[in-house]
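All of the numbers you see were taken from the coordinates with simple rules; none came from a lab. From a predicted model like this one, the values you see are computed outputs, not experimental measurements. Reconstructed Cβ throughout: ideal geometry from the backbone, glycine too, with neighbour counts over all protein chains shown.
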Amino acid sequence: MKKYLIEVFRLTSEKLDYLKDIDLILTVPALAKHGDFSTNVAMLLTKKLRRNPKEIANEIISELVYDKNIIEKIEIAGPGFINFYFSPLYVTKIVKDIVESKDEFGRSKKHAGKKAIVEFVSANPTGPLTVGHGRNAVYGDTVANMLEWVGYSVDREYYFNNAGRQMRVLGESVKFRYLELLGQTLEFPEDHYQGEYIKDIAKGLIDQYGNKLVDEPADGIFKATAEQEIFKDIENTLKSLNIKFQNYFNENSLYESGKIKELLKIFAERNLSYEKDGATWLKLTELGNEMDKVIVKSTGEPTYRLPDIAYHTTKFDRGYDLIIDIFGSDHNATYPDVMAGLRSLGYDTDKVKVLIHQFVTIMQKGEVVKMSTRKANFITLDELVGEVGGDVVRYFFNMRGISSHLNFDLELAKTQSDENPVFYLQYAHARISSIFRMTKGEELQLSVENLDLLTSEEEQNLLKKLHQFQEEMLYSAESFESHRITAYLEELAALFHRFYTQCRIIGSEKKLAEARIALCTATQTVLRNGLKILGVSAPDKM
RNA sequence: GCGCCCGUAGCUCAACUGGAUAGAGCAUCAGCCUUCUAAGCUGAGGGUUAGUGGUUCGAGUCCACUCGGGCGUACCA
């Protein structure tokens, strides 16, 4: 419907010059009586043309050339909105498109041929993923799905660091538990990792090696085994949420390949860095940021900025057109330094989109749970998936805009999971499957020959919502807003449930029944396609 | 102090990027199953959009200030 209107306006702008350089905004009005689509162009032009909006609207309408079989009525309303009403017959045509395109319906080729990389999760292997990581993981994977849906070829990447202090402490923590389990009494350091999982890893080592490792350094087999086990857990957790990475990028490889040294050399050569107090500083003030920052400590160890910049240069060098980083809000101060560094090297940082999501607050028994991996008072993502299931977790984290702080009430998630909107969507899908099982026995078949019979209010509203799918997906993908998809699907499911209650199939006249089967098929296809982008399953039975 | 984010119904959140009467779910109340799944449908109540000013045809949305909350503000990542 919208595409048709845009074309009509394009043709009209050849006659009315003032329409040429205006941004045509067509929206679906909140109220049905305001039509199927509405535009405010006349109001936007008042200032420029110094004329009354209604007068302008009248002039535009009189020049519009359109097919009366498609648009039934055009009205001017309120302060100068132009409202369009489509013909019921045209509205029904969407069913044919959907039935023909099936799983491909709603895709867009707009960004075909472009490559994107989405970096997310990127948690270092020091412990299991927390509920907090869950938001990052689910959102990142959904962004990747959305981009694929509109034509991008997407790589999902997990960046990690298995060197440095954190990992040393991890190895020591495991060794402590190992010695404890062998009967030694030790005082476990408070700043070490205290989670049960550390004991499990230590226990595994005893099962395999007995007490032969007593003299091994913490940095050796203890650390290595911990990393391996933890990564295995992380991968399993992600798998339970349908998330799979194409690539795990080890920060260490940047040192091994000489990338870090190379970068330091370039910064020095271009006079972008300097030495002070035994450390190397990057001249960020010259690059427009507030203060210079250390990139190599006086100990000779680089700070996170240097490898981060190096890492990003590899993303550019690998030829991505769109580079997406997904971070929690605790990183919001770090990326401007990295971006400035990249700009100074001549990279076009417009290609980089840093998407920062706010934190998840866990509420338990009415209180906020403070979480720390070290103290092990976190709630793992695994536990959450175990309690409510992967579909609910995926849906829940996709339901909200990323800039809003998210309250996750554990009791609510557990006890009222039946009321979760995800079931509402899945139920609509399952109901349609059930219809098909029943109609098969009645020898009714899908037919797109008599779609003109779909004239009831419930049918027309459902059809109009189906028309919006492709555009909604494109908009969601381009604005990286997965919560728009959940909102759309909830509206679609609501319209279907209303249709279901009001319009029977079995018992209706054959032609009408078969047209309704086509409508159900179309609805189910759109529900399934939408759920697929969200990474949520579409069951045939519930 | 400074930077980013947030403040909308009892609770959790939307609001098509400045549009028409601010919407959903949960919770509460009242109805609807001899017919394709009642995990559903219909209806009711619930709001000074934290506050005060401003910008304009028009503000939850933009600007300024105030109040309240989250995350940062390292030679930690």
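Quick rundown of the values:
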item: Other-chain or far-sequence residues with amide H under 5 Å of A:Asp36's (modelled H); result: A:Phe84, A:Tyr85, A:Phe86
item: Dipole magnitude of chain A about its Cα centre (Cβ charges: Lys, Arg +1; Asp, Glu -1), debye to nearest 20; result: 1000
item: Net charge of Cβ neighbours under 13 Å - reference A:Asn398; Lys, Arg +1; Asp, Glu -1; result: +1
item: For region A:152-163, Karplus couplings with θ = phi - 60° (6.51, -1.76, 1.60), whole Hz, Gly/Pro x; result: 5, 9, 10, 10, 9, 10, 10, 9, 9, 10, 10, 10
item: Local electrostatic count, A:Lys2, Cβ distance below 12 Å [Lys/Arg +1, Asp/Glu -1]; result: -2
item: Alpha carbon convex hull of region A:165-239, projected area averaged over orientations, nm²; result: 5.0
item: Region A:217-250: trypsin sites (Lys or Arg not before Pro) in DSSP coil with no more than 10 other Cβ atoms inside 10 Å; result: A:Lys244
item: Modelled label reach - A:Leu89, point 7 Å along Cα→Cβ, region A:59-78 residues with backbone N closer than 14 Å; result: A:67-73
item: Cα centroid of region A:319-351 to Cα centroid of region A:400-449, whole Å; result: 38
item: Sparse-neighbourhood loop sites, trypsin sites (Lys or Arg not before Pro) in region A:267-341 - DSSP loop, at most 16 other Cβ within 10 angstrom; result: A:Arg270, A:Lys297, A:Arg318
item: For region A:1-136, convex hull volume per residue from C-alpha positions, Å³; result: 220
item: Sequence ranges A:92-103, A:35-46, A:132-143, ranked by mean other-Cβ count within 10 angstrom, highest first; result: A:132-143, A:35-46, A:92-103
item: Virtual spin-label span in nm between A:Lys532 and A:Tyr18, 7 Å along Cα→Cβ; result: 4.7
item: Whole-Hz ³J(HN,Hα) from phi, Karplus 6.51 cos²θ - 1.76 cosθ + 1.60, for region A:500-517, glycine and proline x; result: 4, 5, 8, 10, 8, 9, 5, x, 7, 4, 3, 4, 5, 4, 6, 5, 5, 4
item: Environment charge at A:Gln524 (Cβ cut-off 13 Å; Lys +1, Arg +1, Asp -1, Glu -1); result: +4
item: Entries of A:Lys20/A:Lys114; A:Lys115/A:Lys465; A:Lys102/A:Lys541; A:Lys102/A:Lys440; A:Lys223/A:Lys244; A:Lys115/A:Lys353 with Cα pairs more than 23 Å apart; result: A:Lys20/A:Lys114; A:Lys115/A:Lys465; A:Lys223/A:Lys244
item: Placed amide H near A:Asp409: partners under 5 Å, 5+ positions off or other chain; result: A:Met363
item: Per-selection Kirkwood Rh - region A:208-269 (Cα, Å, 1 d.p.); result: 15.2
item: Vicinal HN-Hα couplings computed from phi for region A:314-319 (Karplus, 6.51 cos²θ - 1.76 cosθ + 1.60; Hz; Gly/Pro x); result: 5, 5, 5, 5, 7, x
item: Helix A:2-12 vs. chain A, principal-axis angle (Cα, 0 to 90°, nearest 10); result: 60
